[in-house]
Amino acid sequence: TGMKDKIQLIVGLGNPGDKYAQTRHNAGAEFVEQLAARHLAPLKPEKKYHGLYSRAQIGGQTIHLLVPTTFMNLSGQAVAALANFYKIPPQEILVAHDELDLPPGIAKFKQGGGHGGHNGLRDIISKLGNNKNFYRLRLGIGHPGHSSQVSGFVLKKAPNKERDATMAALDEAERYLELAISGDWGKAMNQLHSFSAS
């Protein structure tokens, strides 16, 4: 297997409620919300998956779309509930999340790896039985410069210029999504990684 994995589930991470809408930490949720809107598959609350859910036809495949409505540090509860119900293995899951280690305007696909201090990823890894093999779409938000400032930084809205750059990278990621979900990860990565909106 490896880089031929086809995706069945795309998860967008964020915190629920108006207070957190459009904050840096919600970049992943915004990606999936935009995807759902583009594919005319409106997300609706689904209690058994602890989130907003829909199914979309993307690249000729049926893809589950999920935005957990637990708080970020309980994201795995939603992901595991849906993955267990549909028997979707971790390597057929793509999690879109904000990424401190990339500047705004950069997005990258990645498989596996740790959580890098991201509470959503940490909980997903844990709830999937410590399996790290899911794919990630890392949406750059930049770093405040010191680890003590991270929690305040991610829960704020970015200045317009940074936000625009993040949204441009999010659009670009969507452009290569069909390649990725069909299992052509090498090509999807190369295309997306050459993009910069900064």
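The values are calculated or read from the model by the stated rules, or taken from the named source; none is laboratory data. Keep in mind the model is a prediction, meaning the values are calculated, not measured. Every residue, glycine as well, gets a Cβ built from its backbone with ideal geometry; the counts of neighbours run over all protein chains shown. Note: areas computed on protein heavy atoms with side chains; ligands, DNA, RNA excluded. Shrake-Rupley method; radii C 1.70, N 1.55, O 1.52, S 1.80 Å.
Tabulated values for the structure
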| quantity | calculated |
| --- | --- |
| Residue within the range 43-50 that is on the phi > 0 side of the Ramachandran plot and in contact with a strand residue (DSSP E or B) (Cβ under 8 Å, 6 or more places away or on another chain) present | yes |
| Residue in the range 187-198 that is nearest to Gly142 (Cα to Cα), counting only those that are in contact with a helix residue (DSSP H, G or I) (Cβ under 9 Å, 6 or more places away or on another chain) and in a helix (DSSP H, G or I) | Leu192 |
| Residue identified as open to solvent by 40 Å² or more (accessible area, probe 1.4 Å) and either under 24 Å from Ala165 (Cβ atoms) or acidic (Asp, Glu) (or both) among Gln61, Gln8, Gln57, Gln22 | Gln22 |
| Count of residues meeting criterion [open to solvent by 50 Å² or more (accessible area, probe 1.4 Å) and assigned to a loop (DSSP other than H, G, I, E, B)] in the range 88-112 | 2 |
| His115 being within 15 Å of the chain's Cα centre (by Cα) and surrounded by fewer than 20 Cβ atoms within 10 Å (Cβ to Cβ) | yes |
| Where a residue in the range 159-177 is of a type in the set (S, T, N, Q) and its partner, wherever it lies, is open to solvent by less than 30 Å² (accessible area, probe 1.4 Å), with Cβ under 7 Å and at least six apart | Thr166/Ala27; Thr166/Pro104; Thr166/Gly105; Thr166/Leu139; Thr166/Gly140; Thr166/Ile141; Thr166/Ala158 |
| Filtered residues of the range 155-180 (kept if hydrophobic (A, V, I, L, M, F, W, C), touching a helix residue (DSSP H, G or I) at 6+ places or on another chain (Cβ under 7 Å) and either more than 16 Å from His97 (Cβ to Cβ) or not in a helix (DSSP H, G or I) (or both)) | Leu155, Ala158, Leu179 |
| The range 33-42: number of residues that are out of contact with any strand residue (DSSP E or B) (no Cβ under 6 Å at 6 or more places or on another chain) and among the small types (Gly, Ala, Ser) | 1 |
| Pro42, sole failed condition from (1) crowded, with 21+ Cβ neighbours inside 10 Å; (2) assigned to a loop (DSSP other than H, G, I, E, B); (3) of a type outside the set (Phe, Trp, Tyr) | (1) |
